[in-house]
Amino acid sequence: MAVPLRYPRSDWWNWQLDAECADVDPGLFFPPDSEGHGDRLRRERLAKSVCVQCPVRVHCHEHALAAGESHGIWGGTSETERRRMTRDLTP
């Protein structure tokens with residue numbers, strides 16, 4: 001279940017400053033509308049390779065699940081993988 005963020009709190013976002021992706025083009029983590037399946041798989045693989053080395057990967061993944069991030073690669077997982085995880089946890 002997504003947690004509504006009522007107001008910005010730096011302690012909820014400061015972890016992003018240490019993210020491996022902080023200096024990487026966000027386009028690597030979020031698909032363009034016209035992306036084909038093969039291109040998407042390649043881009044996701046590259047994005048996940050950045051996540052593997054990231055010191056805040058677990059925090060990023062937990063954030064994506066808690067906030068209900070429905071697009072992009074977060075914490076080394078795609079939106080499809082996160083949807084599956086959430087569905088598997090729901091009774």
**OP:** Out of the residues in segment 61-91 that are open to solvent by 20 Å² or more (accessible area, probe 1.4 Å) and in contact with a strand residue (DSSP E or B) (Cβ under 8 Å, 6 or more places away or on another chain), state the one that is nearest to F29 (Cα to Cα).
**Re:** H61
Subject >> Those residues of segment 4-32 which are within 15 Å of E62 (Cα to Cα) and either open to solvent by less than 80 Å² (accessible area, probe 1.4 Å) or at pLDDT 60 or above (or both), in sequence order >> reply: D11, W12, W13, N14, W15, Q16, A19
**OP:** Among what's in segment 33-60 and is open to solvent by less than 50 Å² (accessible area, probe 1.4 Å) and over 10 Å from the mean Cα position of the chain (by Cα), pick the residue that is nearest to W15 (Cα to Cα).
**Re:** V56
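The values are calculated or read from the model by the stated rules, or taken from the named source; none is laboratory data. Everything numeric here is computed off the predicted structure, so don't read it as measured data. Don't worry about glycine lacking a Cβ; one is built from the backbone with ideal geometry, like all the others, and counts go over all protein chains shown. Areas reflect the complete protein model, heavy atoms only, side chains present, ligands, DNA and RNA absent. Shrake-Rupley method; radii C 1.70, N 1.55, O 1.52, S 1.80 Å.
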